[in-house]
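Report on the following structure.
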Amino acid sequence: MNNKDARTSRTQYQQMVDELEKVPDIARGMYKGDQTAFWEEMAEHLNALGPPIRTGATWKRVWFDYKCAVKKKLRLNKASLLATGGGPFQQRPLNDVEERVADLTNLKATIEGNAGRSFGNLNDDNNNNNNNNQLLPISIDQLNNGSEAPNNDSEAPNNEQSTITEKAKRKRSRKRQNTEAVLRQNQELLDLMKKNIQAQKESTAALNRGVVILENITDLLKEAAERKSDL
């Protein structure tokens, strides 16, 4: 990437963050609906500032990769703070665009936790360190090859996605438990119906035996009456 492309890319990143700050649900991966139209419109805005020129789907991937890159940078900074007791050693402060990305996606709260209060503000300790204050580059080749973020973050799914996954698991578990309860109730009802049918059969059989006995008694009474009349 030459200097002109680098400056243009930075402008594109700034414009992308400008647009995403208007729709935080999409920025944080919380939006459930179709995002195709949004990212196609985003591509028109960003490509007008290019090169590089990318499709809406590719710009969506750029945003995901850039969040991962900022996330890894924050994690490395936290690890450095823990290792040095809060000193500026090996710190890589976020630039202005990265700061906006971290605020927009709540990455600082997720990654740093209470580290800022324990060890001081990362940016205050490193305001004079300008060598690292650059955008993390994302090459078109990496995007076309389907690679991960520029820093190869192994924890690509963010906390919001993990929370959604856990909620989906709990929902499936409750649904399965409800289904099992309904099946048990149906089985108990079926068993009760079988018992009632069996009881009805036994009652009918007893009645039939009673009828036979009554018929036999009636025949005996008739015979006795006939014999008495003959006498």
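Observations on the structure shown:
- In summary, residue 174 fulfils each of the numbered conditions (1) open to solvent by less than 100 Å² (accessible area, probe 1.4 Å); (2) modelled with pLDDT under 85; (3) not polar (S, T, N, Q) with the single exception of condition (1).
- Taken as a whole, the condition of being open to solvent by less than 40 Å² (accessible area, probe 1.4 Å), closer than 21 Å to residue 164 by Cα and not β-branched (Val, Ile, Thr) applies to residue 71.
- Some residue of the stretch 58-71 being acidic (Asp, Glu) and closer than 17 Å to residue 18 by Cβ: no
The values are calculated or read from the model by the stated rules, or taken from the named source; none is laboratory data. These numbers come from a predicted model, not from an experiment. Backbone-built Cβ (ideal geometry, glycine too); neighbour counts: all protein chains shown. We work out accessible area using only protein heavy atoms, side chains counted, and drop any ligands, DNA or RNA first. Shrake-Rupley method; radii C 1.70, N 1.55, O 1.52, S 1.80 Å.
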